[in-house]
Amino acid sequence: MTLKKTIRDFTDWAGKRVLLRVDFNVPLNASGEITDASRIEESLPTIQYLQDLGARIILVSHLGRPKGTVVESMRLTPVAKYLATALGSAFVGKTETVVGDDVQTRVQTLQDGQVLLLENIRFEPGEEANEAGFAKQLAALADVYVNDAFGTAHRAHASTEGVAHYLSPALAGFLMDKEIRSLTPLLKSPERPFTAIIGGSKISSKFGVLSTLLTVADTLVIGGGMMFTFLAAQGFGIGKSMVELDFVSKAEALLKQANGLGKQIWLGEDLVVADRFAPDASTQTVSVCSIPEDMMALDIGPKSCASLIPIINASKTILWNGPMGVFEMPVFANGTKTIAEAVARWTKEHHGFSVLGGGDTLAALELFHIGHERFTHVSTGGGASLEFLEGITLPGIAVLDDATTLITR
Ligand code: ADP
Ligand code: MG
């Protein structure tokens, strides 16, 4: 992955109309209020930088999955309300449609430093289909393209990929740039030892990234629900624990590959097992090789945690994606909480390079009141960061102009 030109590499902003793709796909509650505005907050520096230099900004985002048609509950009205407060009078509002005469008029009347928000881009069928005609229509609104929507960069849609073919320059915003700069070193030049801690529920959704990480990391730690597919591959009984049977042979191949590479795949020492998937289940701590037949493992145990701490402390680089257990229930939250605290502490005390990702991993941090500032980088893109770390070229990044300088840390 080459480094991309950013909004700092272009200086002639005054009076320029900028199509700025952001990821304002924020969670809403039943009354349509934003419950977590961090996705908006993360792109405010990009917006304000361009405003200060006199650009005329056209914001583009999707919200939810309206699938190419207008869905009233997915209008960007709550986002517009938030922006009005955050940006003040420079925010001139939201359009009613994505394209059309009214949009043209409002774009034409934009003044330097003003910001306009287009309606939910996924109301248009041409967006997800990445239709050239629709991409050209979008491009006609602006002079310059900026992409700050890292969380959507793994999708080749009209506003994330197609449009960039018709606008020049095509640049990365600050958030996009930060994601690229933080994730690239993990694959290209990690300071070693590099420990990758992968948990969560489904091995099927993370198998690709596990394969790549096995080759680039020094130690691969497997926790969460995907552990049991590996334990099954080793021939251990896993009781009623989560398993994906069609991945057992793939897990076995990965274990063999690790052996061949002389690398360790960590699967822990003990586990917390329960008789039911419930917060008040009766629990027991057992060794990883003796899960009772009628029980399910829902967290890593205290011995596992104790064995992970020295691995964490001896690392120079750590990637963590995916909870170690069913952290949503307090009785099964200890593993995830211990790892979160240990990685945060190590980041500070050892000046470690820590990168976190995953929607539920971030939810766990929130629940434990562990701030993002305690890590080097907390990625905003769940699926996008996994694909990036798998080594896949993300279409929304590939299409941006290449920088001439090489990446440095
Ligand atoms: P992320 O969003 O951080 O990438 P995932 O979506 O892969 O993480 O997985 C998160 C989910 O995995 C959580 O809801 C958690 O309850 C579940 N999980 C973790 N460990 C287990 C386990 N042992 N058994 C069942 N589910 C688990
Ligand atoms: Mg998830």
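The values are calculated or read from the model by the stated rules, or taken from the named source; none is laboratory data. A quick note: this is a predicted structure, and the numbers were derived from the prediction, not measured. Note: ideal-geometry Cβ built from the backbone for every residue, glycine included; neighbour counts use all protein chains shown.
At-a-glance table
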| read-out | value |
| --- | --- |
| Filter result for Thr347 (within 16 Å of ligand 1 (Cβ to nearest atom) and either closer than 19 Å to Glu41 by Cβ or not small (Gly, Ala, Ser) (or both)) | no |
| Output for the stretch 28-86, where each listed residue is over 21 Å from Val99 (Cβ atoms) and outside any helix (DSSP H, G or I) | Leu28, Asn29, Ala30, Ser31, Gly32, Glu33, Ile34, Thr35, Asp36, Ala37, Leu53, Gly54 |
| Some residue of the stretch 61-74 being touching an Asp or Glu at 6+ places or on another chain (Cβ under 6 Å) and assigned by TED's automatic domain parsing to the domain that holds Ala153 | no |
| So Leu261, is it in contact (Cβ under 8 Å) with a residue 12 or more places away in the chain and surrounded by 16 or more Cβ atoms within 10 Å (Cβ to Cβ) | no |
| Close pairs from the stretch 223-244: first in the same structural domain as Gly200 (by TED's automatic domain parsing), partner among the aromatic types (Phe, Trp, Tyr) and surrounded by 23 or more Cβ atoms within 10 Å (Cβ to Cβ), Cβ under 6 Å, at least 6 apart | Ile238/Phe228; Ser241/Phe228; Met242/Phe228; Val243/Phe228 |
| Tally, over the stretch 273-284, of residues that are within 17 Å of Phe327 (Cβ to Cβ) and surrounded by 14 or more Cβ atoms within 10 Å (Cβ to Cβ) | 4 |
| Subset of the stretch 48-69 that is within 23 Å of the chain's Cα centre (by Cα) and among the small types (Gly, Ala, Ser) - its residue that is surrounded by the fewest Cβ atoms within 10 Å (Cβ to Cβ) | Gly64 |
| Residue match in the stretch 321-343 (condition: touching a Ser or Thr at 6+ places or on another chain (Cβ under 7 Å), over 22 Å from His372 (Cβ atoms) and either of a type outside the set (Lys, Arg) or in the same structural domain as Gly151 (by TED's automatic domain parsing) (or both)) | yes |
| Residue list for the stretch 353-370, restricted to those being more than 27 Å from Arg8 (Cβ to Cβ) and either away from ligand 2 (no atom under 15 Å from the Cβ) or of a type outside the set (Ser, Thr, Tyr) (or both) | Gly358, Gly359, Asp360, Leu362, Ala363, Ala364, Leu365, Glu366, Leu367, Phe368, His369, Ile370 |
| Subset tally (residues that are surrounded by fewer than 24 Cβ atoms within 10 Å (Cβ to Cβ) and outside any helix (DSSP H, G or I)) for the stretch 295-320 | 6 |
| Lone unmet requirement of (1) within 18 Å of Glu191 (Cα to Cα); (2) within 15 Å of ligand 2 (Cβ to nearest atom); (3) aromatic (Phe, Trp, Tyr) for Phe327 | (1) |
| Test for Ala297: is it away from ligand 1 (no atom under 16 Å from the Cβ), assigned by TED's automatic domain parsing to the domain that holds Ala233 and within 28 Å of the chain's Cα centre (by Cα) | no |
| Which listed residue is within 20 Å of the chain's Cα centre (by Cα) and touching a residue at least 24 places away in the same chain (Cβ under 8 Å), from Pro27, Pro45 | Pro45 |
